[in-house]
Amino acid sequence: MLTPQPATVLGVTNSLSGRRWLWRTGEERIAAGIAQRLMLPEIVSRLLAARGIGIDAAATFLEPTLRVLLPDPSTLASMDVAADRLGDAVRRGETVAVFGDYDVDGACSAALMVGFLRGLGCEVVHHVPDRIKEGYGPNATALLSLVARGASLIVCVDCGTAAAVALSAVVGQADVIVLDHHKAEGSPPAILATVNPNRLDDTSGLGMLCAAGVAFLTAIATVRALRRLGHFAGRAEPDLMGLLDLVALATVCDVMPLTGVNRAFVHQGLKVMARRSRPGIVALLEVSQAREKLNAATCGYALGPRINAGGRISEADLGLRLLLTEDRIEALALAEKLESVNRMRQDVEAGIMEAAMFAAEVQVSAGRAAVLVTGEGWHPGVVGIVAGRIKERFNRPACVAGFSDGVGKGSGRSIPGVDLGSAIIAARQEGLLLTGGGHTMAAGFSVRADKLADFHAFLEERLSGANAMPGAADLVIEGTLAVSGATTEIAQHMERLAPFGAGNEEPMLVLNRVRVVRADRVGRESNTIRAFVQGEGGGPRLKAMLFRAREGALADALLARADGVPLHLAGHLRAEEWNGSVTPGFFIADAAVA
């Protein structure tokens, strides 16, 4: 049963992973009101209240629909200009170029716009820049090549807000529209339209959208503009809902908050994905052996890393080509190639991780508020992943860069409450970086070796508030359960709060005072621990899994069965389906000696 408690959970101030366990609770009155109005189990209503969901908003939260949550696209600055121009291109049969980015959001937003415009009869060409040779965002050479291929309109997706100089190369030769969501630092480029909810002058309040979300709203606005002109008289309108699988995938993988319209995008997009009508996604699910029910975790852990892999260390447009193909044989070939590239990416990443972690630990031990580690020859395609691992381990904003010929190309990842993107932009404005930009939680940059120390000092000063953070992120707990109470029914009730992700985390529960009956390593690389636990007094056993368990105090405690000492286990309770039967499973995030 979920019961509010003060202070730490079960007195845990230093778990086996060095965390405090803190309660997240909501108002009892609100929880009771939700349960009464919607006839919900107490556990669900308490979880909703703990997330700040009010009585009136609870029904929409549990069943998020675009009918209720979709904003008017015209609230975005310059949206109507962009939609009208896209409508003109459709009516005139122009050739349109889509310039994308090499990550998941870039691939999804590009696939969305290419597919949407081709469906309306446009000739569409596309380009994704090579991470090593071209870097992030539009460049004059690539833009001019698109004009040479006949493009009279260029649409930049998931990039372009900070590319005024590059975009100026085609002014007068083609119109340019930017559909982006990255932080802006001044006036938008002098082009036809920049649609970006994070423009300084945008008042839409939609800054939580990823680029694919912006592109989807643009498609809606374009259809609306064409409808006003009578374009669909005698013609079928495009199936915009069929694009939501791309929006869902991008929203999850770009770690956008799963609240408001984003929640509806992912909720509905997963339903579209489950139809298995996009050959590229079907093939990727097959090669990744993702057999469980489709959910946000499928996007984040099975599909996303493989689509990203091409842009990291191989052909930048592999992900886009996979999402666009309508040929199932080609889709399978592309998916298998991405699977192979992803394994290569893992090997490259492993070759960097140990040295980067050691350097990060030295800096954290010295009291640095922000971690900045670099290495000669480190592949710039994987430094963002390494930065994310460092951030997770030390609860500090982390930047990692690989150097070649005196220039480092890097990526950073941040923690809640610390705006890394703004700090990177400010460092570039101070002349400390060659390039730099990004989001609150993630950023990219390039830096000369002689500016490295000054850049680190600047980050230290700008992000000094991170020093107040504990050495490991607090674990927020929403309830405790006995093993006997961890039933399939309770697990299925938990699923009603899905999709889970940033802004709507999966409920973290504690199994109180359990004993490990059996534990062993499983999986291809023996990097997973499967344990069976039960209450101190015996009773039913529950399967518990720990992933990324190669080493550490938590893995050691499970394998040693905690020497007979009872443990508190923190993690997620899920309903697992296998061969037609559904059973509860517990997925361990942390543990503490009881």
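Going by the conditions given, is residue 143 modelled with pLDDT of 95 or more, closer than 22 Å to residue 425 by Cβ, in contact with a strand residue (DSSP E or B) (Cβ under 7 Å, 6 or more places away or on another chain) and assigned to a helix (DSSP H, G or I)? Answer is no for this residue.
When the stretch 439-460 is filtered for residues that are part of a helix (DSSP H, G or I) and among the small types (Gly, Ala, Ser), the ones remaining, listed by number, are 449, 453, 457. Sub-9 Å Cβ pairs linking a first residue in the stretch 425-440 that is of a type in the set (S, T, N, Q) to a second residue that is in a strand (DSSP E or B), at least 6 apart or interchain, are 429/436; 435/409; 435/444; 435/445; 435/446; 435/447, ordered by first then second residue. For the stretch 331-364, residues that are surrounded by fewer than 16 Cβ atoms within 10 Å (Cβ to Cβ) and farther than 23 Å from residue 550 by Cα total 2.
Regarding residue 392, is this residue acidic (Asp, Glu) and in contact with a strand residue (DSSP E or B) (Cβ under 7 Å, 6 or more places away or on another chain)? Here the answer is no, as residue 392 does not meet what is asked. Counting only strands (runs of 3 or more DSSP E) that sit completely within the stretch 490-594, those holding 3 or more residues that are under 19 Å from residue 472 (Cβ atoms) correspond to 567-578, 581-593. Against the conditions (1) buried (at least 17 other Cβ atoms within 10 Å of the Cβ); (2) more than 29 Å from the chain's Cα centre (by Cα), where does residue 574 fall short? Just the number, please. Evaluating residue 574 over (1) buried (at least 17 other Cβ atoms within 10 Å of the Cβ); (2) more than 29 Å from the chain's Cα centre (by Cα) leaves (2) as the failure.
Of all the residues in the stretch 9-60, those that are outside any loop (DSSP other than H, G, I, E, B) and either farther than 15 Å from residue 505 by Cα or not β-branched (Val, Ile, Thr) (or both) number 28.
No other residue among 145, 168 is surrounded by fewer than 24 Cβ atoms within 10 Å (Cβ to Cβ), of a type outside the set (A, V, I, L, M), closer than 19 Å to residue 81 by Cβ and without any contact (Cβ under 8 Å) to a residue 24 or more places away in the chain apart from 168.
Could you tell me whether any residue of the stretch 24-33 is at pLDDT 90 or above, in contact with a Leu (Cβ under 6 Å, 6 or more places away or on another chain) and of a type in the set (D, E, K, R)? Taking every residue of the stretch 24-33 in turn, none turns out to be at pLDDT 90 or above, in contact with a Leu (Cβ under 6 Å, 6 or more places away or on another chain) and of a type in the set (D, E, K, R). Screening residue 360 on (1) out of contact with any Phe, Trp or Tyr (no Cβ under 8 Å at 6 or more places or on another chain); (2) part of a helix (DSSP H, G or I); (3) within 17 Å of residue 394 (Cβ to Cβ) shows it passes everything except condition (1).
The values are calculated or read from the model by the stated rules, or taken from the named source; none is laboratory data. Small disclaimer: the values here were computed from a predicted structure and weren't measured. Cβ: placed from backbone, ideal geometry, glycine included. Neighbour counts: every protein chain shown.
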